[in-house]
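First the structure, in the form of structure tokens, and then the observations on it.
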Amino acid sequence: MAGVNPNFQGKLDSFFSKVNDLDTTQKLGVFFGTIVLIAAAYLWFFYLPQKNEIERLENKQSSLSSQVLVARSKVKRINKIKEELKNRQEEFVVVMKALPDTKEIPGLLSSLSSSASEAGLSLESIAPGKELEKGFYSEIPISMKIIGGFHETALFFDKVSNFNRIVDFKNAKLTMGKDNNISTDCRAVTYRFLKDKKNEDKKNSKKKKK
């Protein structure tokens, strides 16, 4: 055989010669022993490395699948938070209309006067009082005196209850007068949202520097 090492060829011929001299039982033993060696070599050099690589890839796939599930869960949570934030912003807009951060007293006095007139009442007096801070909001009292019929008075209170801005009536005193007219002395209270004083001070200091 061309290209075969003579020493190896000699050893191979010697091996086969010895095998030919064996009896059938010994030959079977050599045959099965060779199969076992080939199988062991296959397991050691081919199967086990491939098995380890497959296990590594399966573990990596399992890890990636877990990461995908976590990512999807986070995306769902983020979307839920965004939706909740959107709802809170819409609620905040509604609340800020009812609880603005400015006094807007002239506009409110005008609305109260117009409502009294539309209800058919006579507005005898209306005057704002001193603003009282109550933590994150303040109360602005407004003293009022209106005169008119019972139905007109009830209509006036109903109109005010539909204002975007919160207006509560406290300490109302009703007195029956002439011609069944009712004189109502009451204190209307509206509210104002107070901004963070630190932020307000910063804004005011910036304005002064400019």
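Values in this text are rule-based calculations from the coordinates and carry no lab data. As the structure is a computational prediction, the values presented were derived from the model and not from experiment. Using ideal geometry, Cβ is built from the backbone for each residue, glycine included, and neighbour counts are taken over all protein chains shown.
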Region 105-198, dipole about Cα centre (Lys/Arg Cβ +1, Asp/Glu Cβ -1), debye to the nearest 20 | 440 debye
Residue 194 versus residue 84: modelled label distance in nm, points set 7 Å from Cα along the beta carbon direction | 2.9 nm
Going toward the positive end of the dipole of region 105-198, with +1 on Lys and Arg Cβ and -1 on Asp and Glu Cβ, which of 154, 193, 114 do you reach last?
-> 193
Treat each spin label as a single point 7 Å out from the Cα along the C-beta direction, and report the residue 125 to residue 166 distance in nm.
-> 2.8 nm
Segment residue 55-residue 114, length gained on full extension (0.36 nm per residue, minus Cα span) = 13.1 nm
For residue 152, what charge total do you get from the other residues with a beta carbon under 11 Å from its beta carbon, if Lys and Arg give +1 and Asp and Glu give -1?
-> -1
